[in-house]
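Input: a single structure, listed below in structure tokens.
Nothing in this text is a laboratory measurement; each read-out follows from the coordinates by a stated rule. Since we're looking at a predicted model, the values are computed, not measured. Heads up, the Cβs are rebuilt from the backbone with ideal geometry, glycines too, and the neighbour counts pull from every protein chain shown.
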Amino acid sequence: TFVVFTWFIPSISLKFDGRNKDVIGYDQNYLDNHIYPPPWCIFNWTIGDYFVRKDALKKLEDQDAIDKKQKIMIENGFSNWKKQNQSNYLILEYTTVFNQPKFCGKTPTFIFGKHCPYQNCRYTCDRNLSKSADVLLMHHHDIHFDQLSIERNPDQIWLFWHDEPGGVIKHAIDYQFNWTISYRFNAEASIGAYGITIFREKALTTKQFKSYIDEEFKKRQAYAIWFVSNCQPRARIEFYLRFRSYYPFTRVYGKCASQNTTSQCSRDSQCEIDELTRNKFYLAFESQSCRDYITEKFWRSLAFGIIPIVFGPRDKQSLERIAPPKSFVFADDFLTILDLAEHLTEIDRNRTLFEEYHRWRRLYKILYLPEDIEHYRFCELCYRLNTNHQRVYYRDLNEFFLEDC
């Protein structure tokens, strides 16, 4: 058995065993505004495509960061530019990560992935190499600023790792780090921060997809569920309380779930798995509305086959360029909460509309577990080392991470 894809906008034609044809249809207004490869690239995509596609969007955001005095970017700004012809790059884990070694002793394949287009990056935890390393990787939680050297190698990159929303302490601003690894889209390494959209190994046929939708539509109830342990900020709690008055089919678990007879449904418990696999909606409300902050709660819901309802971040584009097409409900698309509730009711009752939110599953799948996604970001770091021609300084890390918060 083999599958042949031919892209005819707005559909993909599939051929099975040389006899039966199958078609995947797409909206005529399908927008290629995301970093994962579009359907017509299914035969020849590589992880490098993500980096190239991101770069096209990153240039615009970098210019915006320069205009806002968050970044300084100097073309060919290294004093001794040996990078273009360098055979290997050495990344030093200069601090621990949440008080624990992160990749010490791991193989390059484990850290950067076996399909990384560049295989010339090495990783070490030997601080005796701090002067010769190309990159000093420092995790925001673990940096002891009083122990950092005042003198810096002008050709060395100081890399600031920060995956949580909110600002940074003044010392981090003063040191003017060169690069960031973060959830922020225009960080030097951001792909796969909390999740990633990739092609399936084999597309679902029309018959397989129809069977999937029939089963999911029938078994899943109308409930919107939410697992929440952080009762702040109040904005999302207040939004939920208003939402519940218009859409009563809700279940909330966690210490903020005062209306439930039980709030116990712990992470990875059978209770949680049951809720994620028998209901249609998940309230993917982020704890902060900072720009690009889209965590594993969003990605995990997609992986479990449930439709996420997104409240925060404010910018829908942050999601559209990394999430599968029409895979989520964006709360701010609706003028009122009543309009949102009525739309969810329509999804619950209308199989065709329900299918629209899952059509992407014919070609794509979601990865969100750390062991499945971390190497994408470090592969991007290796790509950046091999292709970057600019000297970068963050003038104000605080403003960078607090944007749109």
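Fully extending the segment from Met73 to Leu241, taken as 0.36 nm per residue of separation minus the present Cα-Cα distance, adds 55.9 nm. Each part gets one Cα centre, and for the stretch 211-240 versus the stretch 153-209 those centres are 27 Å apart. Taking the centroid of alpha carbons for each part, the stretch 96-114 and the stretch 338-405 are 23 Å apart.
For the stretch 167-219, trypsin sites (Lys or Arg not before Pro) are listed when DSSP marks them as loop and at most 15 other Cβ atoms sit within 10 Å of their Cβ; the list is Arg200, Lys202. Amide H to amide H, with H built 1.01 Å from N, Tyr364 comes under 5 Å of Arg200, counting only residues 5 or more places away or on other chains.
Could you give the angle, 0 to 90 degrees to the nearest 10, between helix 47-67's Cα long axis and the longest principal axis of the Cα atoms of the chain? The two axes meet at around 70 degrees. A Gaussian network model of the chain, with springs between Cα atoms under 10 Å, assigns the largest mean-square fluctuation among Arg234, Arg321, Arg395 to Arg234. Scalar couplings 3J(HN,Hα) for the stretch 342-347, obtained by applying the Karplus form with A = 6.51, B = -1.76, C = 1.60 to θ = phi - 60°, are 5, 5, 5, 4, 5, 4 Hz; x denotes Gly and Pro. About its Cα centre, the chain has a charge dipole of approximately 860 debye under the convention of +1 per Lys or Arg Cβ and -1 per Asp or Glu Cβ, with nothing else charged.
Of all lysines in the structure, those lying under 19 Å Cα to Cα from Lys218, and not within fewer than 8 positions of it along the same chain, are Lys207, Lys210, Lys280. Amide H to amide H distances under 5 Å link Gln221 with Asn279, Lys280, where only residues 5 or more positions off or on other chains count and H is placed in the peptide plane. When the GluC sites (Glu not before Pro) in the stretch 175-224 are filtered for DSSP coil states and for at most 10 other beta-carbon atoms within 10 Å of their beta-carbon, the remaining sites are Glu201. Taking the chain as a Gaussian network of alpha-carbon nodes connected by springs under 10 Å, the highest mean-square fluctuation of the residues Phe378, Phe43, Phe103 belongs to Phe43. Which lysines, if any, have their Cα less than 24 Å from the Cα of Lys114, not counting same-chain residues under 8 positions apart? Cross-link targets: Lys54, Lys83, Lys102, Lys106, Lys202, Lys365. When Lys and Arg each count +1 and Asp and Glu each count -1, what net charge do the other residues less than 13 Å away from Asp268, Cβ to Cβ, add up to? Counting the neighbours of Asp268, the net charge comes to -2.
Scalar couplings 3J(HN,Hα) for the stretch 104-119, obtained by applying the Karplus form with A = 6.51, B = -1.76, C = 1.60 to θ = phi - 60°, are 4, x, 7, 7, x, 5, 5, 7, 9, x, 6, 9, 4, x, 10, 10 Hz; x denotes Gly and Pro.
Highest mobility in the GNM of the chain, judged by mean-square fluctuation with C-alpha springs under 10 Å and restricted to Thr336, Thr250, Thr180, is found for Thr336.
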